[in-house]
Every structure is written in C-alpha cells, then in structure tokens.
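Heads up: the structure comes next, in structure tokens.
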Amino acid sequence: MSASNLEKVLKGGNFAVTSECGPPRGADAEVVSKKGSYLKGYVDGVNVTDNQTSVVRMSSIAAAVLLKQMGFDPIMQMVCRDRNRIALQSDLLGAAALGLDNVLCLSGDHQKFGDHPTAKNVFDIDSMQLIQTIKQLRDEGRFLGGEEVKGRPDMFIGCAENPFADPFEIRAMRLAKKAACGAQFVQTQCIFNVPKFEKWMEMVRDLGVHEKIYILAGVTPCKSIGMARYMQKSVPGMDVPEELITRLKGVPKENVAEEGIKICVETIEQMRAIKGVAGVHIMAIEWEQKVAGIVEAAKLYPRPAI
C-alpha cells in the first residue's frame with residue numbers, strides 16, 4: 001500500500017505540521033484556491049472540515065480534491081452526524097478513488113448549534129466505530145455488512161481528542177481506545193493551558209499510547225482579546241488560562257494580534273520539547289495567511305521533501 005505525504009513525514013521521524021482550510025459557504029472554488037495559496041509549502045497536510053459547527057459548506061470531499069489538484073496532501077474530515085453507515089462507506093470509497101489518502105474521523109457537532117437547527121441528525125455510528133469501519137474496509141477488505149470490498153480504500157486514519165474536557169482523568173484512556181480501534185494519528189483541541197496538556201501527555205505515556213499513535217498538538221493564534229475571552233467562556237472543553245488574556249491586555253491594542261501569534265509560536269516550541277508529541281496542528285481560523293509566518297518563526301520551515 002502507498003502512504004500519504006503526512007504518513008511518510010511522521011514515519012520518517014520528522015516533526016509534522018498540519019493546518020486547516022475551511023470550505024466556503026458556496027460553490028466558488030477560488031475561495032479554496034486562495035486559502036490554499038497561503039499554506040503552500042508550509043504544511044505536510046491540510047485539514048478540510050466537514051460542515052464544521054453544523055453550518056452548511058462546500059463538501060469536504062470536493063474541497064479536498066481541489067487542494068489535491070494544487071499539490072496538497074489533504075486530510076478529509078468526515079463526521080457521523082449527517083450520514084448513515086451506507087453513505088459513510090460509499091463516500092470513503094469515492095474519496096479514495098479520487099486520490100484522497102487521509103481521513104479524520106469525527107462524531108460531529110450537534111445540528112442545534114448550526115444554521116439548520118431543526119434538521120434531523122443521523123449518528124448511526126460514532127467516531128470510534130467510523131475508525132473501525134475504515135480499518136476494516138482497508139485491512140480486511142470487508143464492508144460492515146460482511147461483503148467483499150473490490151478495491152480497498154488505502155487511507156491514513158486520524159481522530160481528534162480534547163485533553164482538557166471533563167472528566168480529565170479519562171482523556172488519555174479515551175485516546176487509547178481510539179488507537180485500539182485503528183486510529184494512526186490524532187489532532188488535539190487547541191492548547192493554551194500547557195501545564196495541563198503536559199499532565200495529559202504524562203498519562204498518555206504511562207499507557208504507552210504515544211508509541212501507538214502519532215500525536216499532533218493543536219495550536220491557535222488569538223487575533224484579539226475578544227476571541228480569547230469567547231473561547232474561554234463559550235467554547236465547551238476549551239481551557240484558556242486567565243494569564244493568557246492578561247498578557248494580551250498588557251500590549252497596545254494594535255499589537256494584540258502580533259502578541260497572539262507570538263504566544264502561538266512559543267506554544268509550538270514547548271510542544272517540541274514534550275516527549276511523545278509528533279507534530280503540531282495549526283488552527284488559524286479564517287487567518288490562513290498567518291500560518292507561513294508562524295511556521296517560519298517556529299523554525300519548522302522548510303518542510304521535509306518526501
């Protein structure tokens with residue numbers, strides 16, 4: 001089986017860098033191309049979100065193919081909210097046929113948080129069962145119904161994890177379960193509370209999970225004090241220490257965004273020093289043009305030529 005660029009980078013022992021490209025709320029392919037142009041040459045893989053926050057957007061498969069045509073190694077996100085096991089398996093086969101090599105398995109945000117709150121959800125299977133499904137299609141060549149797959153989808157399987165959600169004590173075990181299901185890499189929730197993340201990584205190492213799955217630590221540059229405060233107060237499972245907000249308040253208003261980027265770079269440097277962290281996932285939400293500067297400032301450029 002062939003390997004994706006991201007898989008090769010990680011298996012080669014390189015510190016990986018991934019980022020995100022949110023598809024547009026329309027059919028304009030140029031929006032994807034423009035976002036991609038900011039990331040070109042600076043990341044080993046780029047996530048393509050799947051109707052993130054339950055808001056209708058261009059298909060993650062379509063947007064991932066557009067990025068593939070630009071030379072990227074897309075990481076197609078797939079949520080369980082909108083499709084049953086028949087549609088999920090069908091889309092996986094289609095994505096593989098179009099050359100998509102990476103998939104990130106997610107349960108998906110509840111539709112009540114999005115722009116169609118009265119829509120019916122599906123949740124036929126959850127993210128762990130989706131991981132198992134892809135592994136079965138790829139490794140055993142069997143559909144969930146038991147029939148043979150004629151042309152197996154060769155995909156590098158990823159998942160997400162939040163080291164900060166409650167109860168904190170089970171978070172490492174939850175990642176262990178996903179690894180046991182077949183997840184090969186994980187991208188974490190945004191990390192602002194580094195000491196708490198380090199405690200989580202201690203539990204991960206105690207279970208030996210860091211040897212079974214590649215851990216990409218999630219980082220996000222804060223554009224403003226308002227953004228930091230919103231994540232602190234309104235985003236479930238997000239841990240934004242008050243000290244970070246105080247630091248942003250301590251610089252002139254026109255320098256807050258620059259300070260947010262500086263904090264992000266410092267966080268990346270801290271992640272590189274933690275045993276078991278195999279890379280970073282930079283979530284520059286609708287701020288893709290800043291990713292290149294962050295990667296360069298963190299001394300992670302140029303990227304490995306695979």
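Taken together, the values in this text are just the output of simple stated rules run on the coordinates, not laboratory data. If you're wondering where the values come from, they're calculated on a predicted model, not measured in any experiment. No Cβ is skipped: glycine too gets one built from the backbone with ideal geometry, and neighbour counts run over all protein chains shown.
Between R229 and E147, the simple label model (points 7 Å from Cα in the Cβ direction) yields a spacing of 5.7 nm. The C-alpha atoms of the chain define a longest principal axis, and helix 256-272 lies at about 60 degrees to it.
Summing charges over all other residues whose Cβ lies under 13 Å from the Cβ of A62, with Lys and Arg as +1 and Asp and Glu as -1, gives -1.
Rounded to the nearest 10 degrees, the angle from helix 171-181 to the longest Cα principal axis of the chain is 30 degrees.
For region 68-84, backbone phi angles converted through the Karplus equation (6.51, -1.76, 1.60; θ = phi - 60°) give residue-by-residue couplings of 4, 5, 8, x, 7, 9, x, 10, 6, 7, 9, 9, 8, 4, 9, 9, 7 Hz, Gly and Pro being listed as x. Exceedance of the 27 Å cut-off in Cα-Cα distance is limited, within the set K212/K290; K35/K249; K11/K199; K249/K275; K120/K196, to K212/K290; K35/K249; K249/K275; K120/K196. Considering only beta bridges that DSSP places wholly inside the chain, some 5 percent are antiparallel.
The angle separating the long axis of helix 29-39 from the principal Cα axis of greatest extent in the chain is about 50 degrees. Working note: Debye formula, equal point scatterers on the alpha-carbon atoms of region 32-180, no solvent; log10 I(q)/I(0) at q = 0.15 Å⁻¹ is -0.84.
One quarter of the surface of the convex hull around the alpha-carbon atoms of region 136-217 equals 6.1 nm², the direction-averaged projected area.
Result for the chain in a Gaussian network model with C-alpha springs under 10 Å: among H116, H281, H210, the largest mean-square fluctuation is at H116.
Shape annotation for region 72-122: C-alpha extents along the principal axes are 35, 24, 14 Å, from largest to smallest. Largest GNM mean-square fluctuation across G158, G237, G22, computed for the chain with C-alpha springs under 10 Å, falls on G237.
Just to verify a number: FRET efficiency for I306 and T118, C-beta to C-beta distance, R0 = 30 Å, to 0.05? That pair, I306 with T118, gives E of 0.05.
When the Gaussian network model of the chain links Cα atoms closer than 10 Å, the mean-square fluctuations of S33, S234, S127 top out at S234. From the coordinates of this entry, Cα extents along the principal axes in Å is computed, and it appears in [x] 84, 58, 43; [y] 60, 54, 31; [z] 62, 47, 45 under the label [z].
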